[in-house]
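Peer 1: Have a look at this one before I ask anything.
The values are calculated or read from the model by the stated rules, or taken from the named source; none is laboratory data. As the structure is a computational prediction, the values presented were derived from the model and not from experiment. With ideal geometry, Cβ positions are generated from the backbone for all residues, glycine too; neighbour counts draw on all protein chains shown. Quick note on the areas: whole protein, heavy atoms, side chains included, nothing else; ligands and nucleic acids left out. Shrake-Rupley method; radii C 1.70, N 1.55, O 1.52, S 1.80 Å.
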Amino acid sequence: QVQLVESGGGLVQAGGSLRLSCAASGLTFSLYAMGWFRQTPGKEREFVAAISLSGGYNNYADSVKGRFTISRDNAKKTSYLQMNSLKPEDTAVYYCALARRTGYSVYEHDYDYWGQGTQVTVSS
C-alpha cells in the first residue's frame with residue numbers, strides 16, 4: 001500500500017521559515033518524480049514545486065521562485081520543501097504527490113499518489 005505522509009507544517013510569522021517533509025512508503029521512491037501543491041479554501045489546488053527522479057531537475061511556480069527549495073533523498077524515500085521568507089499569501093494546505101509517468105510536471109492529473117496534506121499558516 002502506497003502512503004505519503006507530510007509533516008512540518010505549522011504557524012509562522014511573515015518572513016519566517018518552515019521545512020515540509022514528505023515520507024513515502026510502499027513503492028520504489030526513486031522511480032517517481034515528486035511534486036508539491038497547495039490549496040486554500042474556495043480555490044483550486046495549485047502547483048508549487050516539482051523535482052525529477054534523481055533530483056537533478058526542478059520546477060517552481062513563479063510565486064515561490066527564489067524563496068522555496070525542493071529536494072529529495074531517495075535513500076530515505078523523503079522529499080523536502082524548504083520555505084523561506086514566508087508571506088501571508090503562502091497560507092494553505094500543502095500536499096506532496098508522486099508521478100510515475102512524467103517528469104517534474106505542474107499538472108495535478110500527472111500525479112498518481114497524494115499525501116493527506118499539512119497546514120501552513122503565515123501570520124502578518
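Peer 1: Among Gln13, Gln39, Gln82, determine the one that fluctuates most according to a GNM of the chain built with springs between C-alpha atoms less than 10 Å apart.
Peer 2: Sorting by GNM fluctuation, first place goes to Gln13.
Peer 1: Provide the per-residue ³J(HN,Hα) series for the stretch 82-93, in order, calculated from phi with Karplus coefficients 6.51, -1.76, 1.60 and θ = phi - 60°, each as a whole number of Hz, with x at glycine and proline positions.
Peer 2: 7, 10, 10, 6, 5, 10, x, 6, 7, 4, 4, 8
Peer 1: Evaluate E = 1/(1 + (r/R0)^6) for Gln39 and Arg100, where r is the Cβ-Cβ distance and R0 equals 25 Å; express this FRET efficiency to the nearest 0.05. Could the numbers behind the result be given before it?
Peer 2: Values: r = 22 Å, r/R0 = 0.90.
Calculated value: 0.65.
Peer 1: While we're here: Excluding residues on the same chain fewer than 8 positions from Lys65, give the lysines whose Cα lies under 18 Å from its Cα.
Peer 2: Once the sequence-local lysines are set aside, what remains near Lys65 is Lys87.
Peer 1: Still on this structure: What are the ³J(HN,Hα) values, in whole Hz, obtained from phi via the Karplus relation 6.51 cos²θ - 1.76 cosθ + 1.60 with θ = phi - 60°, for each residue of the stretch 26-31 in sequence order, with x given for Gly and Pro?
Peer 2: x, 7, 8, 4, 5, 8
Peer 1: Taking 0.36 nm per intervening residue step and subtracting the Cα-Cα distance, what contour gain separates Ser123 from Asp73 on full extension?
Peer 2: Working: separation 50, 0.36 × 50 = 18.00 nm, distance 3.03 nm.
Full extension from Ser123 to Asp73 adds 15.0 nm.
Peer 1: Let me ask another. Could you please state how large a percent of the accessible area of the chain is carbon and sulfur, counting protein chains only and using a 1.4 Å probe? Spell out each step's value before the answer.
Peer 2: Working: 2920 of 6240 Å².
In the chain, the share of accessible area belonging to carbon and sulfur is 47 percent.
Peer 1: I've got another one for you. How large is the accessible surface per residue of the stretch 39-113, computed with a 1.4 Å probe and reported in Å² as a whole number? Could you put the intermediate results ahead of the total?
Peer 2: Details: 4030 Å² over 75 residues.
Dividing the accessible area of the stretch 39-113 by its residue count gives 54 Å².
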